[in-house]
Amino acid sequence: MDVLGALHLRDHDHVELLADRGHQGGQVVEHPGAVERVDPGPQLGRAEVRRLGDLHQTLARGDLVVGLDGVLEVAEQDVDGADHVRDLGGHLLVRRIEEVDGSAGPGRDLAQRQRGTDGEGAEEVLGALVTHVRRPYRLVVPERYDRCLAETDEIRSRLTRVTRTLVGRDAELASVLATAAAGEDGWTVAIGGVAGIGKSALWDAVQEALPPPRWLLRTRSRAAETELAFAGLTDLLDPVPDEELAHLPEPQRDALAAATLRAGSVPGDRRAVGTALRTLLVRLAEQGPVVLALDDVQWLDPASREALEFALHRCRVGLLVAVRDPGATVPVAVAAAVPEVRIDLGPLSVAALHHLVVGALGHALTRPALVRVAETSGGNPLFALELARVLLGSGTLSGDQLPRLPASLTSALAQRVGGLSAPARRSVLVAALAAAPTVGLLRQVDAREGVEEAEEARLLVVAGGRVELHHPLVGPAVVEQTPAPAVRAMHAALAAALRDDEERSARHLALAAPEPDPTVADALDRAVVATRERGAVAAAAELARLAVQHSEGDAPEALQQRTLTLAGLAFEEGDAAEAERLYREVFRSDGAPGPRATAGLELAEILWKRGEVVECIEAARAAAAMGAGAEVTARAHLTLVALWDDREANTQRAIEVLDAAGITDPQLRSWAQLSVLDLDFTAGRGLDAGALEDALVAERVGREWRSDDQVATCRPVMLKYADHLPEALGALDELRAQAEREGNVGQLIYVIGHYPTVLLRIGDLAGAESTAREHLDLAVTTGQTNHLWQAHQNLAWVALHAGRLDAATDEVAEMKEALQGDTYAQRAYRSVAGALALHRGDAELAADHLDVWWQLCGEIHDDPGVSREHGDYAEALVALRRYDDCAAFLQAARPAADRAGRVSVQAMLARGRAMLEAAQGDLDAALVAVEEAIRLDEAVPIAVEGARHLLLKGQLHRRRREKLLARESLEAALAGFERVGADSWADRVRDDLARVNIRPAAPTDLTATEQRIAELAVQGLTTREIADAAFVSPKTVEANLTRIYRKLGIRSRAELGQRLAHVEGAP
């Protein structure tokens, strides 16, 4: 251990031990905060080290003036080791000065000495201090101490101001600072520990010691604020001016301003809060370092936590959190983009407790008393201070006369609360019950009188008009000592004082009521609406739960409606099980049909997402038959259409219900219109793109459109399946932009999940991979497991196109593990698994997968553009010589593709027919079929598929010994694969080109036309036959032959044949 390390222990015995062992002066071993080394100095003897020990003891007694004299005295001596004694002694002195309350005792004396009361000027004293302590300070925390010592004014302010004492946590502080210094792209530190262990003290010290960030955003959560919507976020963003929010997109700005109660804000979309926070943090980070500091994060309200978890996963900032439970997972820290460094605080040593008591209370305990405090408190600093107060208050500090000590920290605090006057206890009670209490609020509830007494007792802290408990455990202590009627009376007083704040007032009103009260339930209903508009789903759900509890004796329909509200909030909050329970409760009740039918439809949605299709359809059918209002009934029939339950009849019934009731609601009407379109589309009768656009326009009539509108949601997907790729991409872009503006994460993951296939088909492999990874990231972070298999499927297709077969294999395995039980997912898995097997050369395994794929296509019976493995299936069947099966497949699939007008599928089937014809020996028919595939692809280009058509054509030409034509097709295929980055396909083409065996250094520069005519001529064709084959006139043939003879230096067709054979080699 080095001298500096020993001094960190603040234990005189360690310093003496070093004197016995000897020490190389100035050598600094590894230390978390060290950034430079002091040059090795002379050997420190016992006398020099004891001098440090004496100085340490002097400072421990709080005698700073004597300590300063000691440093200055050593500085004037010229002895071996004096500079090191001086430096390290100065380090001790300045650290001690920082820990002492400058308003009393030795701190005041030193401040007076600075002002020159003893004849020595302040500048000289401070100048000497700066000179002698700069180097050792830099050894510990360079940024902080360089900043502290750079200017005299900074030193003076530190000598005279009150600072929180940080004892025994030097190593932890240095570790946090080292982590922050190393985190150029952000950092995350979580401080854990039991109540009273000093988490907040270290949390504060870290912020003071850090290099000043551009933005320091901090919040300290309280138990009373846990259910208060966005309490933490509001506090956190308090330093950020409205001008910064003004740069956000309007929906995000409105949502964040409403959530944080900004003046003049209007209700925004709750889903936009997390997105807005992410956008804001990214913007602030562009201006300079951003540090977010969250204390007692276990009490952070759920709305703030959800927003932070979403935002922090996508932006890199400094994150400092403190949590009460040691070892517990901190969701906000886990969600951060930078992995967390965890620091769990343990107990303080006896020596550290001594310095803590002296620094905080101004008196030292005797050794027996200190040992007893350490044993009883278990080294817990807060508990130790409470015990020390008891001992110091008793006046007995030695021998067997020590008083009996409280057995727990809670009882110790309760004992201190019990010593307060009634007005002071009332002040502390208000601070415990109210969220974000202020002096003004205490005055309103007649609790202002006792504030000073509670503050002097170190139970309350008053700063800037705000009132806080000195420690969170003070709250339970005062509530436990207050009779329940008095607690309820205080809640009633707070409800009246906060009547302009619907959320806080209603909550206090509910806690004040000893039994269910419909009036309270009505107030809670209003609070639910206001809180939900701010985007705080969890807080709104808690208020709704209280409203249900207070509905006893109210009208049955009121209870039904409140239960529906609570169920909806529970579902939004992510508690699907609780939502299902509540919906079933209303659905099975004997109440009015309207709420029951609504509950049935919401229940159907939950069951669908869980894969329980049969019960889902039963619930929707029951809702449709309940005789509820026209809108609910029409919605039930349209839901059954989406569930593929007697689609034509339910579509017709929905339209009849809407017509009979004269309902013109644009959303319901356009949904019905979409259902008619979807009937034709899913039946394989094609897509009426014009009618789809009409439905979109109708959906937006007279209203602001939303990202989860029915037509807007389905439109890009239908366009994608129908081969309208540019239009699909544009629709996705529009929908994504709207979802991001709203902060609709649930819709955003749906939209992003459809990008990769569109981008792959247009040849943007990089874009497809980027969006596929973004899709997976969102699926994981939002917990939407139904998207996991889709994300892995997208990544598998990307890897396959890029030729990364091992990566594709891994993604297919992940997809299989994440599969849900529905037929669509199974079909998707079989398609990509079959394509992978075929790419690896295992035609048998490919056919096994694709046999099942084709069977599932028949069961689903949807548009052939939805799942398109037609080309791979034909190739696998041909490779296995299953010619009859291949012919039957092609014969069955082509009419469906023709009926739907699915051109891309028609092209793949034409290529499949070409492969079948070639395998059976009819190269002419094969060439006709592949040319049809190429022509179809030109009408609806599909990047990789088009290049595959050209590859097959080149192979067919090579088999026909038409080597120039083979090369032309293969080079075109190669260009197509290279253009999109399909490397493995490009390698295949290069292999085929090598087999064509046309040497690049030919003895002539024949044009393509000349080469074609030369090849036809050597086959023995007449001039007329050559003209017909090349689609030119006989005169053109003769002119080309003349040029060919001249270029090659020959005179006859016989020589031409020999020359071409020499150029091309043996076939």
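Being surrounded by 20 or more Cβ atoms within 10 Å (Cβ to Cβ) and touching a residue at least 40 places away in the same chain (Cβ under 8 Å) is true for just one of Val798, Val832, Val812. Which residue is that?
Numbers: Val832 fails: touching a residue at least 40 places away in the same chain (Cβ under 8 Å); Val812 fails: touching a residue at least 40 places away in the same chain (Cβ under 8 Å).
Going through Val798, Val832, Val812 in turn, just one is surrounded by 20 or more Cβ atoms within 10 Å (Cβ to Cβ) and touching a residue at least 40 places away in the same chain (Cβ under 8 Å): Val798.
Among the numbered criteria (1) without any contact (Cβ under 8 Å) to a residue 24 or more places away in the chain; (2) in a helix (DSSP H, G or I); (3) over 30 Å from Glu585 (Cβ atoms), which single criterion is violated by Val529?
(3)
Would a scan of the stretch 451-459 turn up a residue that is part of a loop (DSSP other than H, G, I, E, B), more than 21 Å from Arg220 (Cα to Cα) and in the same structural domain as Pro437 (by TED's automatic domain parsing)?
The answer is yes; a qualifying residue exists.
Looking at Arg715, Arg736, can you tell me which residue is outside the structural domain of Thr682 (by TED's automatic domain parsing) and not in a loop (DSSP other than H, G, I, E, B)?
Details: Arg715 fails: outside the structural domain of Thr682 (by TED's automatic domain parsing).
Of the residues listed, the single one that is outside the structural domain of Thr682 (by TED's automatic domain parsing) and not in a loop (DSSP other than H, G, I, E, B) is Arg736.
Quick check: is even one residue across the stretch 241-253 within 25 Å of Leu498 (Cβ to Cβ) and not assigned by TED's automatic domain parsing to the domain that holds Pro476?
Step one: filter the stretch 241-253 for residues within 25 Å of Leu498 (Cβ to Cβ), giving 242.
Now drop any that are not not assigned by TED's automatic domain parsing to the domain that holds Pro476, which leaves 242.
Checked the stretch 241-253: at least one residue is within 25 Å of Leu498 (Cβ to Cβ) and not assigned by TED's automatic domain parsing to the domain that holds Pro476.
Given the conditions (1) closer than 30 Å to Leu679 by Cβ; (2) crowded, with 16+ Cβ neighbours inside 10 Å; (3) of a type outside the set (D, E, K, R); (4) out of contact with any Gly (no Cβ under 7 Å at 6 or more places or on another chain), report the number of the one that Ala892 does not fulfil.
Only one criterion is unmet by Ala892, namely (2).
Could you tell me whether any residue of the stretch 362-369 is under 29 Å from Arg214 (Cα atoms) and of a type in the set (Lys, Arg)?
Within the stretch 362-369, the first condition is being under 29 Å from Arg214 (Cα atoms), and the residues that meet it are none.
No, the stretch 362-369 contains no residue that is under 29 Å from Arg214 (Cα atoms) and of a type in the set (Lys, Arg).
Kindly indicate which of Ala567, Ala577, Ala604, Ala599 is closer than 21 Å to His787 by Cα and surrounded by 21 or more Cβ atoms within 10 Å (Cβ to Cβ).
Step by step, each of Ala567, Ala577, Ala604, Ala599 is checked, and only Ala604 is closer than 21 Å to His787 by Cα and surrounded by 21 or more Cβ atoms within 10 Å (Cβ to Cβ).
Report, by residue number, each residue of the stretch 497-508 that is among the small types (Gly, Ala, Ser) and without any contact (Cβ under 8 Å) to a residue 24 or more places away in the chain.
Result: Ser505, single match.
Quick test of your reading of the structure: Gly196 fulfils all but one of (1) modelled with pLDDT of 85 or more; (2) under 27 Å from the mean Cα position of the chain (by Cα); (3) of a type outside the set (A, V, I, L, M). Name the failing condition by number.
(2)
Would you mind stating whether Asp500 is among the acidic types (Asp, Glu), in a loop (DSSP other than H, G, I, E, B), at pLDDT 90 or above and not assigned by TED's automatic domain parsing to the domain that holds Asp301?
Considered against the rule, which asks whether it is among the acidic types (Asp, Glu), in a loop (DSSP other than H, G, I, E, B), at pLDDT 90 or above and not assigned by TED's automatic domain parsing to the domain that holds Asp301, Asp500 comes out as no.
What are the residue pairs meeting all of these: first residue in the stretch 450-464, first residue farther than 13 Å from Val439 by Cα, second residue hydroxyl-bearing (Ser, Thr, Tyr) and surrounded by fewer than 17 Cβ atoms within 10 Å (Cβ to Cβ), Cβ atoms under 8 Å, and 6 or more apart or on different chains?
Qualifying pairs under 8 Å: Glu453/Ser421.
Taking Glu704 as meeting all but one of (1) surrounded by fewer than 18 Cβ atoms within 10 Å (Cβ to Cβ); (2) of a type outside the set (Gly, Ala, Ser); (3) assigned to a helix (DSSP H, G or I); (4) not assigned by TED's automatic domain parsing to the domain that holds Ala630, write down the number of the exception.
It is condition (3) that Glu704 fails.
Could you check the stretch 316-346 and list, in sequence order, the residues that are at pLDDT 80 or above and buried (at least 20 other Cβ atoms within 10 Å of the Cβ)?
Scanning the stretch 316-346 gives Val317, Gly318, Leu319, Leu320, Val321, Ala322, Val323, Val332, Ile343, Leu345.
Step by step: first the residues of the stretch 240-283, then only those that are closer than 19 Å to Ala536 by Cβ and charged (D, E, K, R), then the one that is modelled with the highest pLDDT. Which residue is that?
In this case the residue turns out to be Arg278.
Could we say that Glu971 is surrounded by 15 or more Cβ atoms within 10 Å (Cβ to Cβ) and not aromatic (Phe, Trp, Tyr) here?
Spelling it out, Glu971 is indeed surrounded by 15 or more Cβ atoms within 10 Å (Cβ to Cβ) and not aromatic (Phe, Trp, Tyr).
Considering each residue of the stretch 794-827, count those that are assigned to a helix (DSSP H, G or I), of a type in the set (D, E, K, R) and more than 25 Å from the chain's Cα centre (by Cα), and give that number. Steps first, answer last, please.
First, the residues of the stretch 794-827 that are assigned to a helix (DSSP H, G or I): 794-802, 805-818, 823-827.
Now restrict to residues that are of a type in the set (D, E, K, R): 806, 810-811, 814, 816-817, 827.
Now restrict to residues that are more than 25 Å from the chain's Cα centre (by Cα): 806, 827.
Total satisfying the criteria: 2.
Kindly list the number of the only condition in (1) at pLDDT below 95; (2) more than 49 Å from the chain's Cα centre (by Cα) that fails for Ala929.
Looking at each condition in turn, Ala929 falls short on (1).
Output the residue which, of all residues in the stretch 514-556 that are farther than 30 Å from Leu233 by Cβ, acidic (Asp, Glu) and out of contact with any helix residue (DSSP H, G or I) (no Cβ under 7 Å at 6 or more places or on another chain), is surrounded by the most Cβ atoms within 10 Å (Cβ to Cβ).
Going through the stretch 514-556, the residues farther than 30 Å from Leu233 by Cβ turn out to be 514-519, 551-556.
Filter once more, keeping what is acidic (Asp, Glu): 515, 517, 552, 554.
So of that shortlist, the ones also out of contact with any helix residue (DSSP H, G or I) (no Cβ under 7 Å at 6 or more places or on another chain) come out as 515, 517, 552.
Details: Glu515: 8, Asp517: 20, Glu552: 12.
The qualifying residue surrounded by the most Cβ atoms within 10 Å (Cβ to Cβ) is Asp517.
So, in the stretch 989-1025, of the ones that are charged (D, E, K, R) and assigned to a loop (DSSP other than H, G, I, E, B), which residue ends up modelled with the lowest pLDDT?
Arg999
Is it the case that some residue within the stretch 615-628 is closer than 24 Å to Leu546 by Cα and at pLDDT 90 or above?
So far as the stretch 615-628 goes, no, none of its residues is closer than 24 Å to Leu546 by Cα and at pLDDT 90 or above.
I need a count of the residues in the stretch 376-433 that are surrounded by fewer than 19 Cβ atoms within 10 Å (Cβ to Cβ) and modelled with pLDDT of 90 or more.
3
Here are Leu511, Leu494: which of them is in contact with a helix residue (DSSP H, G or I) (Cβ under 6 Å, 6 or more places away or on another chain), surrounded by fewer than 19 Cβ atoms within 10 Å (Cβ to Cβ), assigned by TED's automatic domain parsing to the domain that holds Glu585 and not basic (Lys, Arg)?
Leu511
Determine whether the stretch 178-186 contains at least one residue that is crowded, with 21+ Cβ neighbours inside 10 Å and of a type in the set (Val, Ile, Thr).
no
The values are calculated or read from the model by the stated rules, or taken from the named source; none is laboratory data. Every value quoted in this text rests on a predicted model; they were computed, and no experiment measured them. Virtual Cβ from ideal backbone geometry, glycine too; neighbours counted across all protein chains shown.
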